[in-house]
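What follows is a single structure, written as structure tokens, with notes after it.
The values are calculated or read from the model by the stated rules, or taken from the named source; none is laboratory data. Here the structure is a predicted model, which is why all the values come from computation and not from measurement. Every residue, glycine among them, receives a Cβ derived from its backbone with ideal geometry; neighbour counts consider all protein chains shown. Heavy atoms of the whole protein, side chains included, go into the accessibility calculation; ligands, DNA and RNA do not. Shrake-Rupley method; radii C 1.70, N 1.55, O 1.52, S 1.80 Å.
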Amino acid sequence: MKRYDLIIVGAGPSGLSAAIEAAKRGMKTIIFDENEKPGGQLFKQIHKFFGSKEHKAKIRGFVIGEQLLKEADEAGVEVKLNATVIGLYQDKEVVVKIGEEICHYKGDSIIIATGAAENMVTFPGWTLPGVIGAGAAQTMMNLHGVKPGQKILMLGSGNVGLVVSFQLLQCGCDVVALVDAAPRVGGYGVHAAKVARTGVPFYLSHTIVKAEGEDKVTGVTIAEVDSSFKFIPGTEKHFDVDTICLAVGLSPMSQLLKMAGCEMEDNPKRGGQVPICDENGRTSIPGIFVAGDVSGIEEASSAMIEGRMAGITAAEYLGYMDKEELDKGMEELDHALNGLRQGMFAPKNRGKKITETEEGIPVSENLLTKGYVADDEIERFPGVTHAKGIHPVIECTQNIPCNPCQDACPKKCISIGENITSLPTVPHAEDCINCGMCVASCSGQAIFLVDEDCGDGTATVTLPYEFLPLPEPGTKGVGLGRSGQPVCQAEVVSVKSLKAFDKTNLLTMRVPKEYAMKARFFKAE
């Protein structure tokens, strides 16, 4: 039986982060993962992360995954793939199925970082081919280059549903509707807004009545629900689709911890059946630790920090670092993690109805119920500015932990302030040099560069654009408003694609000047 200082189950963001910290302290570390590639969800995440520099903000998920793998390799971490852990027993014995062989390993400490599994909902026809999880759709698109379908309905308006809907559009799929039984959008408003302005309609307080088809999905019927989530007769709506995507939450994969005898609890706020653990990831069994979604559903940025916490805690447990060093490291990590747990979407605010921003500004009800900020609401937010010449317009309307725009502007036109969740302001709009770095750096694609009056009756709007093929200058089309509806004629002036923009192209379109503050997306004719 092989023995290791530390055995980690799961080579996702938390597991890799834990392994790096432990191995750097001299621990002999091995990671087991059932997949053929390490990195977990990171390699499906082609969008840019939120947060700050310490959270790897404005870096795409798959790039973060590559960075973690390189660090783990340099630290000497051993990674076993296609290795399914089927047992965790007393005295920290781990049983692993590798191919057709059953292997036994002994760990002086164990970190469980198995992540979470997609939830499902049942309805007539839910077992038909064509009904898939949003994570499965991401895997097909971003790992294997396969379109999940052509016409797709998305169920679920949390961040996963919103992000995957946008990626489906990038893949060339037609997202016919985004549906949620809840009365309000569950994910970040900036994610909802970038989906809505492409023309995808939101149906809140709606859910699926049935999937249609004999041997595969050919259509779907939805209906409105009341406050008790019962169908309201006469509200049915039909869509011709070949795919139904489900983004209805995640459940921690905590079975190994239960098998090991760790104290568990049912905690809906953390996603379901989770281990009872402290802030460092210690479970009720000495030497067994947890990190990431297995201990409570959060974003990948939080999972990486929790992994680092568990890694150094395991190192201190086995004497590879002293208590003083642990406390110092934990103080820094606590600060980073607390930064991500602030704002409207903080764990402490789950289930609460937030009516005002931290600045005392009424939230956009239209954003919550339709997916976009209405034209008569947008002016109330501090990032929406007016100035002569080209200037930033920041349509960030919720307190989320993110500040890359502040660092991106070389002229310091944009300010978040000390609080990472504060709404951005543009105190020096007139100093804008039209470099476009703020537009490219915004993880929520919520920044535009606008020249409200070009002097000839037109205006220009520069927007983030991540679709192929890129339109050529001179391409004529329509400018879509925040709702995704056509508002005016538009013509492409330029498309900038620089290495510094990291694949976020800057499309500049010319529109009639009265639509400078309304046109937010370009659609070719």
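Points to keep in mind about this one:
- Where strands (runs of 3 or more DSSP E) sit wholly within the range 482-525, those with at least 2 residues that are open to solvent by less than 70 Å² (accessible area, probe 1.4 Å) and among the β-branched types (Val, Ile, Thr) occupy 486-496, 505-512.
- Checked against (1) crowded, with 19+ Cβ neighbours inside 10 Å; (2) modelled with pLDDT under 95, residue 417 meets all criteria but (1).
- Residues that are in contact with a Phe, Trp or Tyr (Cβ under 8 Å, 6 or more places away or on another chain) and farther than 20 Å from residue 166 by Cβ, drawn from the range 438-466: 459
- Enumeration of residues in the range 117-132 that are on the phi < 0 side of the Ramachandran plot and either in a loop (DSSP other than H, G, I, E, B) or touching a Phe, Trp or Tyr at 6+ places or on another chain (Cβ under 7 Å) (or both): 119, 120, 121, 122, 123, 124, 126, 127, 128, 129
- For the range 410-420, the criterion of being assigned to a loop (DSSP other than H, G, I, E, B), out of contact with any Lys or Arg (no Cβ under 8 Å at 6 or more places or on another chain), under 24 Å from residue 368 (Cα atoms) and touching a residue at least 40 places away in the same chain (Cβ under 8 Å) is satisfied by at least one residue.
- Those residues of the range 246-260 which are aliphatic (A, V, I, L, M) and either assigned to a loop (DSSP other than H, G, I, E, B) or surrounded by fewer than 19 Cβ atoms within 10 Å (Cβ to Cβ) (or both), in sequence order: 247, 248, 253, 259
- Residue match in the range 339-356 (condition: more than 20 Å from the chain's Cα centre (by Cα), hydroxyl-bearing (Ser, Thr, Tyr) and crowded, with 19+ Cβ neighbours inside 10 Å): no
- Residue ID - nearest to residue 123 (Cα to Cα), chosen from residues in the range 133-187 that are polar (S, T, N, Q) and outside any helix (DSSP H, G or I): 157
- Residues in the range 25-67 that are open to solvent by less than 70 Å² (accessible area, probe 1.4 Å) and over 18 Å from the mean Cα position of the chain (by Cα): 25, 26, 27, 29, 30, 31, 32, 33, 38, 67.
- Residue check, residue 276 in contact with an Asp or Glu (Cβ under 6 Å, 6 or more places away or on another chain) and either open to solvent by 20 Å² or more (accessible area, probe 1.4 Å) or more than 20 Å from residue 31 (Cβ to Cβ) (or both): yes
- Of the criteria (1) under 30 Å from residue 525 (Cβ atoms); (2) within 24 Å of the chain's Cα centre (by Cα), which one residue 486 fails: (2)
- Residue within the range 170-178 that is of a type outside the set (S, T, N, Q), in contact (Cβ under 8 Å) with a residue 24 or more places away in the chain and within 27 Å of residue 293 (Cα to Cα) present: yes
- Filtering the range 383-414 to residues that are of a type in the set (Lys, Arg) and either on the phi > 0 side of the Ramachandran plot or buried (at least 24 other Cβ atoms within 10 Å of the Cβ) (or both) leaves only 412.
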